[in-house]
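Let me begin by presenting the structure, written as structure tokens, before commenting on it.
The values are calculated or read from the model by the stated rules, or taken from the named source; none is laboratory data. This structure is a prediction, so every number in the text was calculated from the model and none was measured. Every residue, glycine among them, receives a Cβ derived from its backbone with ideal geometry; neighbour counts consider all protein chains shown.
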């Protein structure tokens, strides 16, 4: 639940030349992808999840979790604060997911 503490723990256990790679859902920013994705993730995904899984709450939680996660440059800033360098951010699938990379700072 504490992202900054989690990043600090990851840095603590990585070897000196280690790298961190994070693949995370994110919120698209471009019109109309953002509007379509927001509608889909809040209206359609929980219903499909409820049909396929006994835990529909997990699929209702997902869009809120994605919206609360600091994405893009905000997450890179947190990685930098935790001691990572050589940071990269690559939006994937129209921004629905993001790939973050960082290396241990010397």
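Strands (runs of 3 or more DSSP E) fully within the chain that include at least 1 residues being in contact with a helix residue (DSSP H, G or I) (Cβ under 6 Å, 6 or more places away or on another chain) and modelled with pLDDT under 95: 19-25.
Within the stretch 67-90, identify whether any single residue is out of contact with any strand residue (DSSP E or B) (no Cβ under 8 Å at 6 or more places or on another chain), in contact (Cβ under 8 Å) with a residue 24 or more places away in the chain and farther than 22 Å from residue 5 by Cα, and answer yes or no. Taking every residue of the stretch 67-90 in turn, none turns out to be out of contact with any strand residue (DSSP E or B) (no Cβ under 8 Å at 6 or more places or on another chain), in contact (Cβ under 8 Å) with a residue 24 or more places away in the chain and farther than 22 Å from residue 5 by Cα. Quick check, is residue 7 closer than 20 Å to residue 98 by Cβ, surrounded by 11 or more Cβ atoms within 10 Å (Cβ to Cβ) and in the same structural domain as residue 80 (by TED's automatic domain parsing)? Yes, satisfied.
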